[in-house]
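Quick note: the coordinates plus some simple rules give every number you see, no bench work behind them. Keep in mind it's a predicted model, so treat the numbers as computed, not measured. Don't worry about glycine lacking a Cβ; one is built from the backbone with ideal geometry, like all the others, and counts go over all protein chains shown.
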Amino acid sequence: MTDSISILLCEDQTLMRQGLRIILELEPGLEVVGEAADGEEAVSEYRRLRALGNGPNIVLMDVQMPRMSGVQATAILTAADPTARVIILTTFDYEEYVFDAIKAGAMGYLLKDVPAEELVTTIRQVYAGEPFIQPKIANKLLIEFGRKGRSQTSPSRSPQPDELSPREIEILRLLAAGASNRQIAEQLVLAEGTVKNHVSNILAKLHTRNRTEAAYLARERKLL
């Protein structure tokens, strides 16, 4: 079918990836043209398919994957190809993941418990150029943005951040890209407990309550 939507599946769990392929290929006009089991493989497979002229039109991207997170892979894909259309499909609805995925260029964000019909509808919608975030996730995001807005306009809540060490800046960059403590520990060859302590120090120095606020403040004040 000449007008079929070509899809790249990026998911580290083999059973989940195979299940998604079966669901999608049962739908008329959808074709799975490639698979990836981690973020690095997602980037290389996307480039390979593009070089072959085989799409993909849509990338279904998990967040937590080995070697490189889905958020990091999304940022690389959209930076190199502004036409890339990525839909995050994950078990996580944390505000920090949603915020960072959108900043990375994702056009859609769905949880893995979404009905198959809604997944297919979202794929067609994003393919048509219309962004989509699952309503219950969007509500959480709006609440978080509301909190940020109130804290920024309140004169009593504008403490200046303390200076971060070079190591904390390094960890903050990875944190802002969506990496988990374990992924940061693996990349920097540190104990996961050490990374956790650094993250706590970063939040304290920036006077922020969570990773999302830390990443937002760091970008706003050009700390990254």
Exercise for the section: Check whether at least one residue in the range 76-83 is crowded, with 19+ Cβ neighbours inside 10 Å, outside any helix (DSSP H, G or I) and touching a Phe, Trp or Tyr at 6+ places or on another chain (Cβ under 8 Å), and report yes or no. Expected result: no
Fill in the blank from the handout: Per the filter on the range 41-74, residues surrounded by fewer than 22 Cβ atoms within 10 Å (Cβ to Cβ) and assigned to a helix (DSSP H, G or I) are E41, V43, S44, E45, R47, R48, L49, R50, A51
Practice task
Identify the residue in the range 202-224 that is among the hydroxyl-bearing types (S, T, Y) and assigned to a helix (DSSP H, G or I) and, among all such residues, is farthest from the chain's Cα centre (by Cα).
Solution key: Y216
